[in-house]
Each structure stands twice: as C-alpha cells, then as structure tokens.
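Shown next, in structure tokens, is the structure this report addresses.
The values are calculated or read from the model by the stated rules, or taken from the named source; none is laboratory data. Keep in mind that this is a model prediction, so the values were computed, not measured. Positions of Cβ are backbone-derived with ideal geometry, glycine not excepted, and every protein chain shown enters the neighbour counts. Only protein heavy atoms, including side chains, enter the accessible area calculation; ligands, DNA and RNA are left aside. Shrake-Rupley method; radii C 1.70, N 1.55, O 1.52, S 1.80 Å.
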Amino acid sequence: MKSMKRVLAGVSTLVLMSSALAACGGNSNSSNANATTAPAATTAAEATTAPAAGTGEKVTINLYSFTDEIPNMTKKYMEVHPEANVEFKTTIVATTDGAYQPALDQALAAGGKDAPDIYAAEGAFVLKYTQGDASTFAANYADLGLTDQMVKDAGIAQYSVDIGSKDGQLKGLGYQATGGAFIYRRSLAKEVFGTDDPAAIKTEIGPGWDKFFSAAEKLKAKGYAAVSGDGDVWHAVENSSDKGWIVDGKLHIDPKREEFLDLSKKLKDNGYYNDTTDWQEAWFADMNGTGAKPVFGFFGPAWLINYTFKDHAKDTSGDWAVTEPPTGFFWGGTWLLANKDVTKDDAKKQAVADFIKWVTLDTSETGLQYNWANGTMKDGEQGTKDSVASSVVMDKSNGEIAMLGGQNMFDIFVPANANASGNNLTAFDETINKLWRDQVREYTAGNKDRAKAIETFKQQVKDQLNIDSE
C-alpha cells in the first residue's frame, strides 16, 4: 500500500525481485538487502520444511504472496511449531506492473496440486478475492474451523472483518491493522500550539476538517505547511466516506469524496502544503524536514512510521508523535485467504488452518502477532514494532518507538483501528482512485473547472471500466 514501494529479497535460487507495492509496508525483520532485478512476472519458489512428526506423510502448502513478508513468517512458524509435519512451497510475484493478480488468478483457475493453498491480497485489490468474482476460490474460515468466536476473542478490528467477509462468511483476515492517525512534528507543535501533547493536538486539528484548516492557518502564520501534499488528506477522505465508488453497479461519488476537490483546492490556494505527490522524492524530503517548507504532519497508519519514516525521516527521528485524526480511516493492509479445495483433504485442511490461525488469530506470546507487534521475529534482535490486527495483543505489547520520541503508539492505533470502516471499498478502487486524484489535481492546478473535472472523471471510468455513472 497507493503505491508503497519496497524492495523484496530473494527467497530461492529462482529469484524474483522487483520494486513491490506493499500495501501494508514491510517488516524490518525481513531480509531486504542485496535484491536483484528480474522481470516482474517471474516467480520465486522456496520450500520451507518443518521437522516431520510421526509417520504421516508431509503436507505441502503452496503459498502465493507479493512480498517476502508472509514467506518469512513460515520460518518463524517452524521455529515455534517443530512438531508440524508440513512443507511450504512459496511463490512470490511482485505487484509491479500489475503482475501479481494475473499470476494468482491463473494459478487458482488451473487448480491441481500446484494451485495456491494460501494466498495474500492487499488492500488495493483484496475485495476481488473476498467479495468479487475471485471470491469463489476462497474457503470460508468457518470451514477451516476458524470461528467467529475466535475473531471476537482476539479483538480483531471490525473493518478488517468486513473487508474479509462475503454474505456474513469470513474468507480473509490480516495480521496488521492499518487504522490511520495524524503523525506530527513535536517541535512545530510546541512552537505553534504551545504543546506537543497528543491529547491537546487532537483538539487543535479536529474533529472535522474545519478544525484542521483552522490549525493549518496557524501553522501558515509561522511559515509551516500543514501537510506535504493533497494525497496526505486523500487517504483520510477516501476511507472515511460513507459509500464506495460503486453503488448498485454504477459509479457513485460520495459527498465526502467529492468534497476532496474543495479540500485540495483550499490546500493549494492558501499555501497550506508543499504541493508534493505521495511516494515521490519531495514527499520523502518533507518527512526529513528538508522540503520547501517544514511540514507539520502526515496522515497514515503505523506502517507509514515503521517502514517509510524509518528510511526517509533520519534527521527528524524522535521529533514525531501520533494523535487521533480529524476523521477515522484506514490505509492498506494484507489479507490471508485459503483455497476452498484444501477442505477436501483433512490433513491439508488442518495444516492450512493451523498456519492461518497462528498468523491472524493467535494472541499468545508465541503467535505471529505478538512477535510482529513487539519486533521479536528474530531471537535476540529488536526488529520493527507494528500495529497488529488483534487489539488483545496490542494491549499487552510495548508500542514505544524511538521515531515517536518513546511514545507508545498502540495507545493511538488501537482506537484508530476500531474507528475505521471497511464498508466503502470496491474491487475497482485501485483504478478509480488514480483517475479521481488526477482530475482533482487538474482542477486545483486551474486546468479545468470543477464541473469539467468531474465530467472527465466519469467518462474515464466509463471508458476504462465500462461503468456508467448514477
């Protein structure tokens, strides 16, 4: 996660490497160094084997992913489950140039012994696999023995459950939680607002966009930008809207999303931002405090701090804090699904269920989420801490990080995850979002009036996706 760019590490002698769009960010416990480049459609296969238990035949699990995050989890799984009689065969296809989905679709449709048993889908396209046409391949978690009570007991954020469900049946869950916060500079907060206390800054910037722009005016008076670019505001707008882009089969522009035209123009006309584009060098420079004007804050989930700020905010490290945003939202994430065919074989069904449960629902200190939250994926090494799907795990974990001056980020991200909504996604978001944001920028640049920008957007959706407007 949006285009979060991350270099993947090789996992076998057949190496796929390419810049990947990782909706969920990356984990510093993964090996990201010394990557080589190959065509994006290349796959990488690696077998990770657990010691066999008993005399039963070893179960092979085919795992499809677009980064090395989940494949690396299989190694940790083996460490804590030495009795597991299972072998993981991993295929990684980067999302670069749209390569992952066609490869996954082909493998699912082909079926057979090489078909994916477990596969990953990121926030940008997950609904295709949990609720859309490709949902027919996915097993219901209940058929794997993973119950609604387990989800409740783990304290999984409702937005994640909603996104992973079809007709009340859960088909996918994630290991991260990507509820959004406002990430702000402590030093600028003290100068402009007299405090850097998250409880006080929350009331300066919200609730609501009127409060946020009032704060932006105060920041401008001191020579500061409220945000780097309009993309920072867009993610909060997009995933706090009441409805998604498609309603009853037609293009719907939710009033909150249409308001983004006005919010973006207000940012530009008043000089409240540096007019950057997210995931470009100027955006990264603003994280580091080396942009056109010092930037007060960014909207984003924990992964933005852990994996993006980590690499680009070297000079400002420790000068950041998080607080509740003007509106609840989420951004990104990775969901785990199982092929419905695994239920035909009891041994494979159990092996797949055990791994998915360990990743998504296990709240113990040996579960994936506890290690992920506390940065303990590698023994004896302090890795990156992250916001996870289970609020139960975060409640008993240490979310203090140096980037935030020692603040416990879980104090903010647990309620942020609870305040996010997953009812406004569609299977076409990746394409439609880009078309919309391009037209918003045409409008704010003065190249089109408001009506023309909307008209062009509707026509582009019709031309590219054959979806009529309401």
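What per residue convex hull volume, in Å³, do the alpha-carbon atoms of the range 332-453 yield? Let's see the in-between values first.
Details: hull volume 22.0 nm³, N = 122.
Hull volume normalised by residue count: 180 Å³.
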Mind pulling up the Rg/Rh value for the range 249-384? Radius of gyration and Kirkwood radius, both on Cα. 1.09
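Counting pairwise Cα distances across the range 395-470, what percent come out greater than 14 angstrom? Please list the in-between numbers first.
Numbers: 2059 of 2850 pairs.
Of all Cα-Cα distances in the range 395-470, 72 percent exceed 14 Å.
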Calculate the dipole size of the chain relative to its Cα centre from +1 charges on Lys and Arg beta carbons and -1 charges on Asp and Glu beta carbons; express the result in debye to the nearest 20. 600
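Report the rotationally averaged projected area of the range 62-213 based on its alpha-carbon convex hull, in square nanometres. Let's see the in-between values first.
On the way: hull surface 54.1 nm².
The orientation-averaged projected area of the Cα hull of the range 62-213 comes to 13.5 nm².
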If you take the Cα Rg of the range 181-221 and divide it by 2.2 N^0.38 Å, with N the number of residues, what do you get? 1.03
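Using DSSP, restrict attention to beta bridges with both residues in the chain and report what percent are antiparallel, rounded to the nearest 5. Mind showing how you got there, number by number?
Values: 33 of 45 bridges.
For the chain, the DSSP antiparallel bridge percentage is about 75.
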Report the Cα-based extents of the chain along its three principal axes, largest first, to the nearest Å. 74, 52, 44
Where in the range 379-404 does the label zone of residue 190 land, with the point 7 angstrom along Cα→C-beta and an amide N cut-off under 15 Å? 404
Could you tell me the relative contact order of the range 59-184? Use alpha-carbon pairs under 8 Å, at least six residues apart, and round to a whole percent. 21
Given bins 10 angstrom wide, list per bin the percent of all Cα-Cα distances in the range 305-385, short to long. 14, 28, 33, 17, 7, 1
So, by mean Cβ neighbours within 10 angstrom, what's the order for 409-415, 76-82, 307-313, 257-263 with the highest one leading? 409-415, 307-313, 257-263, 76-82
Gained length - residue 346 relative to residue 113, 0.36 nm times residue gap less alpha-carbon distance: 82.4 nm
So, how do all the Cα-to-Cα distances of the range 220-312 break down into 10 Å bins, in percent, from 0 on up? 16, 42, 29, 11, 2
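Per residue of the chain, what 222 nm ellipticity follows from adding -39500 (n - 2.57) for every DSSP H run with n ≥ 4, rounded to the nearest 500?
-10500 deg cm²/dmol
Calculated FRET efficiency, residue 314 and residue 282, Cβ-Cβ r, R0 22 Å, to nearest 0.05? Before the final figure, lay out the partial values.
Numbers: r = 16 Å, r/R0 = 0.74.
After rounding to 0.05, the efficiency reads 0.85.
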From the phi angles alone, apply the Karplus equation (6.51, -1.76, 1.60; θ = phi - 60°) to the range 295-303 and give each ³J(HN,Hα) in whole Hz, x where the residue is Gly or Pro. 9, 6, x, 9, 9, x, x, 4, 5
Using the Karplus equation 6.51 cos²θ - 1.76 cosθ + 1.60 (θ = phi - 60°), what ³J(HN,Hα) coupling, rounded to whole Hz, does each residue of the range 374-381 give in order, writing x for Gly and Pro? 9, x, 10, 5, 10, 4, x, 10
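Using the heavy atoms of the protein chains alone and a 1.4 angstrom probe, what is the accessible area of the chain per residue in square angstrom? The partial results should precede the final answer.
Working: 17920 Å² over 470 residues.
Accessible area per residue, the chain: 38 Å².
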From the Cα centre of the range 73-96 to that of the range 365-443, the distance in Å is 22
Hydrodynamic radius (Kirkwood) for the range 111-193, which is based on Cα pairs only, to one decimal in Å: 15.1
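Once the other residues with Cβ under 15 Å from the Cβ of residue 247 are scored (Lys, Arg +1; Asp, Glu -1), what is the net sum?
Working: positive: 243, 250, 256, 257, 458; negative: 242, 248, 254, 258, 429, 468, 470.
Summing Lys/Arg as +1 and Asp/Glu as -1 gives -2.
Between residue 292 and residue 459, 0.36 nm times their residue separation minus their Cα-Cα distance comes to what? Walk me through the numbers on the way to the answer.
Working: separation 167, 0.36 × 167 = 60.12 nm, distance 3.57 nm.
Computed gain between residue 292 and residue 459 is 56.6 nm.
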Mind listing the long-range amide H neighbours of residue 401? Cut-off is under 5 Å, sequence gap 5 or more, other chains count too, H placed in the peptide plane at 1.01 Å from N. 406, 407, 409
Using 0.36 nm per residue, how much length does the chain from residue 153 to residue 58 gain when fully extended, once their Cα-Cα distance is taken away? 31.1 nm
Per-peptide average of other Cβ atoms within 10 Å, ordering 447-455, 93-101, 172-180 highest first: 172-180, 93-101, 447-455
Value of Rg/Rh across the range 154-247 [Cα atoms, Kirkwood radius]: 1.09
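Counting only protein heavy atoms and a 1.4 Å probe, tell me what percentage of the chain's accessible area is made up of carbon and sulfur. Please list the in-between numbers first.
Numbers: 8390 of 17920 Å².
Using a 1.4 Å probe with all protein chains present, the chain comes out at 47 percent carbon and sulfur.
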Quick one: which residues, 5+ away or cross-chain, put their amide H under 5 Å from the amide H of residue 384? H built at 1.01 Å from N. 28, 29
